[in-house]
1. How do the peptides A:435-447, A:235-247, A:453-465 rank, highest first, by the average count of neighbouring beta carbon atoms within 10 Å per residue?
2. Distance from the Cα centre of segment A:386-428 to that of segment B:16-70, in angstrom?
3. How well do other chains shield peptide A:103-116, expressed as the mean number of their Cβ atoms within 10 Å of each residue Cβ?
4. Evaluate the Kirkwood expression for the hydrodynamic radius of segment A:407-507, namely the inverse of the mean inverse distance over all pairs of different C-alpha atoms, and round to one decimal in Å.
5. In peptide A:303-313, how many Cβ atoms from other protein chains are near each Cβ within 10 Å, on average?
6. Over all alpha-carbon pairs of segment A:3-517, lay out the pair-distance distribution in 10 Å bins, whole %, shortest bin first.
7. Select from chain A the helices, each a whole stretch of DSSP H, whose alpha-carbon atoms run 18 Å or more along the helix axis and whose Kyte-Doolittle mean is at least -0.5; answer none if there are none.
8. Please name whichever of A:VAL204, A:GLN226, A:MET181 sits farthest to the positive end of the charge dipole of segment A:74-232, dipole taken about the Cα centre and charges placed at Cβ: Lys and Arg +1, Asp and Glu -1.
Amino acid sequence: MAKKITVDPVTRIEGHLKIEVEIENGKVINAWSSGTMARGFEALLLGKDPRDASYVVSRFCGVCYSVHQIASARALDAAFGAKVPWGGNLIRNLVMGAEFIYDHPLHFYQLSALDYIDIMAIANYKGKDKELLAVKDKIVGLVKANDTYPLTPRYEPDEFCVKDPDIVISAVKHYLDALKMHLAARNMGAIWGGRTPHYQNIVVGGVTSYPDVNQVARFRTMLDKQKKFIEEVYIPDVVAFGTGPLWPLAKLGVGGGHYNYMSYGDFQLDPEGKKLVFPGGVIVGLNPANIKVDPVDTKKITESVKYGWYKENKPVHPFDGEQVFKLDKKDAYTFVKAPRYDGKPLEVGPLARMLVAKNPTVLDLVAKGAKPGAVARHAARAIETKLMVDACYTWLDQLMTEMTKPGFKIHDTEHWNPPDKGEGAGFHEPPRGALGHWIKVKDKKIANYQAVVPSTWNASPRCENGIRGQYEEALIGAPVPDPKNPINVVRVIRSFDPCLACAVHIIDPQTNEIRKFIIE
Amino acid sequence: MKKATKSSVVRTKGGAKSSPQKIIILGVGNVLLSDEGVGVHVANELMKMEFPPNVSVLEGGTDGFRLLNVITEAERLIVIDAVRGGAQPGSIYRFDINDVRNCPSGFKTSVHQIGILEVIDLSGLIGKTPYTTVIGVEPKSLKMGMELSPEIKAKIPRVIKLVFDELKMSSKIKRTIKLL
């Protein structure tokens with residue numbers, strides 16, 4: 001008899017996600033992914049000046065803010081007929097590249113690492129390293145004070161968890177170092193973005209921040225520090241875990257899914273866009289021995305609402321999508337729509353990008369026996385962080401050259417005014433994967449707006465044909481020997497770096513005691 | 001970034017005690033969900049006003065983790081946010097983080113969301129936690145929309161006054177820096 005368990009909410013992710021799985025003989029045999037927060041901010045944009053869109057959409061989410069801003073600006077570029085000068089693109093690339101540098105290590109250390117280590121092993125550290133002893137004192141102190149957030153909640157360690165006190169304590173030390181690096185990295189994007197979160201400089205036609213030599217130098221200095229951490233700490237940690245204690249999980253391919261992947265392609269390395277950091281392409285039914293990548297045809301994208309809490313509608317292209325909630329719909333179980341490409345569910349994100357790019361390091365891991373799944377996702381994320389660091393250096397050099405050219409431009413000012421009519425699509429590859437924004441302009445105002453975000457692809461429910469979404473499929477076969485301890489379920493889900501935040505930030509205590517602090 | 005340098009002076013042990021305490025006023029919330037964004041609206045108003053150089057006004061949107069750089073820079077933090085305590089809409093709350101830590105039934109807001117209080121906790125893990133006060137407003141509506149409800153909008157001047165009261169008090173309060 002299959003036993004149904006629910007993980008609600010999945011913790012240490014950004015946003016609200018509920019996962020239900022059916023377990024039989026110690027393995028997941030069926031799964032449902034449910035986004036329990038209503039989205040649909042697009043409705044707010046209707047009737048507004050299209051130029052406002054990139055600012056409004058950056059408020060969709062406090063985590064992935066600028067990624068919406070740039071996807072929106074690109075949709076507007078297309079609708080307005082604006083051509084962003086190379087100088088503008090370089091600055092867009094640099095501020096968006098910085099996002100990878102602070103997002104990916106944060107995901108590995110702060111959001112995921114606790115799934116793979118037995119944190120309590122710290123108490124058994126017998127070494128003499130002063131710094132590590134300070135870490136031990138800190139953690140043991142927190143445990144004694146019963147104040148273990150953010151190290152909890154978590155499941156019981158299983159056989160894949162690292163229990164060696166020396167490894168665990170250095171991992172926790174890196175957890176703390178990564179937080180400090182994160183703080184420093186945040187200032188990179190702000191050099192031209194003006195601030196983080198919510199950059200201010202990305203607009204239709206380019207950017208508003210005219211660069212100077214000092215800024216380039218500052219960015220470079222910060223980048224040097226991040227590069228050191230990424231190369232000397234982050235990547236070695238991922239390698240040590242992935243090829244060490246987690247190798248059995250990697251070989252089992254836990255968290256595989258449909259083996260369909262997509263990257264829109266992004267981050268030009270030259271003005272013509274001949275070379276990209278992340279090439280675009282679609283893989284349907286991965287054959288690791290002979291990877292076949294087709295070009296992306298965005299006309300093949302549809303969204304199904306069959307299992308979403310939306311008014312019934314046929315699967316339609318995002319240009320024609322609508323946002324009408326219907327909460328009493330039979331069989332519906334999520335606020336997430338089901339995007340499909342040519343009817344197929346796809347995975348987006350670092351693993352998809354690295355497979356589409358046929359990245360040699362990833363292919364090498366696969367050749368050695370790692371099946372694309374949860375562990376491979378962490379590896380792909382680390383690999384592309386390094387690619388992004390290298391690309392940032394290239395862009396800084398290019399920017400320095402570009403700035404000395406006569407007539408250096410960062411914005412296409414000819415196309416600042418909204419057209420009477422137009423439509424456009426904007427694509428971006430943010431840390432979490434393929435993001436698309438679609439806009440229709442009529443009478444100089446926004447007539448329709450739709451965003452298909454990465455977690456919509458990954459967290460998608462079933463579609464008209466009953467085909468599971470990628471999280472759902474990725475869970476099938478995951479070992480859950482003890483239904484009370486579904487640690488592999490959360491490992492699989494967190495490996496995607498879910499972000500369903502796009503919403504509320506209220507202080508909402510689970511107690512009415514807060515009322516004693518009312519002052520008026 | 002000039003300000004960052006100043007605060008790092010303050011942070012050094014010993015010396016520097018004479019430099020004024022670094023105070024950050026941080027408005028948070030989602031401006032797309034009507035009254036959820038009250039903290040941001042208040043911050044935007046405050047930004048139009050004059051403050052001494054040791055005081056910064058910031059608007060953090062709905063960021064969680066990523067506000068750490070701001071929080072760790074502050075010695076005194078005044079957070080303005082919507083607080084859902086089930087009271088009359090427009091009610092104003094004021095509490096120090098240390099007050100709510102002691103709530104017996106646990107104040108931790110929500111485990112699945114990395115909210116402002118959780119981030120303040122995290123700041124303690126890598127250094128110091130600023131002495132933090134939250135000024136909260138009970139929202140009326142959390143519906144999608146970029147405007148505040150009229151009742152909540154009417155409270156903005158009052159919240160601003162309370163922020164100024166905190167600033168006045170701050171100059172008298174002994175620095176409480178929690179070192180872990």
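1. Values: A:435-447: 20.8, A:235-247: 18.1, A:453-465: 25.0.
With the highest mean Cβ count within 10 Å placed first, the list reads A:453-465, A:435-447, A:235-247.
2. Each part's Cα centre sits 31 Å from the other's.
3. Partner-chain Cβ atoms within 10 Å, mean over residues of A:103-116: 1.
4. Values: mean 1/r = 0.0573 Å⁻¹.
For segment A:407-507, the Kirkwood estimate is 17.4 Å.
5. Working: counts 0, 0, 0, 0, 0, 0, 0, 0, 0, 0, 0.
Per residue, the number of nearby Cβ atoms from other chains is 0 on average.
6. The percentages, shortest bin first, are 4, 19, 29, 27, 15, 5, 1, 0.
7. Values: long enough: A:65-80 (22 Å, 0.42); A:86-106 (30 Å, 0.21); A:130-144 (21 Å, 0.49); A:165-193 (43 Å, 0.40); A:213-229 (25 Å, -0.82); A:374-404 (46 Å, 0.15).
Helices meeting the span and hydropathy rule in chain A are A:65-80, A:86-106, A:130-144, A:165-193, A:374-404.
8. Of the candidates, A:VAL204 comes out farthest on the positive side.
Bear in mind these aren't lab numbers, they're just calculated from the coordinates by the rules spelled out. Computed from a predicted model, the values in this text were never measured in an experiment. We place every Cβ from the backbone using ideal geometry, glycine too, and count neighbours over all the protein chains shown.
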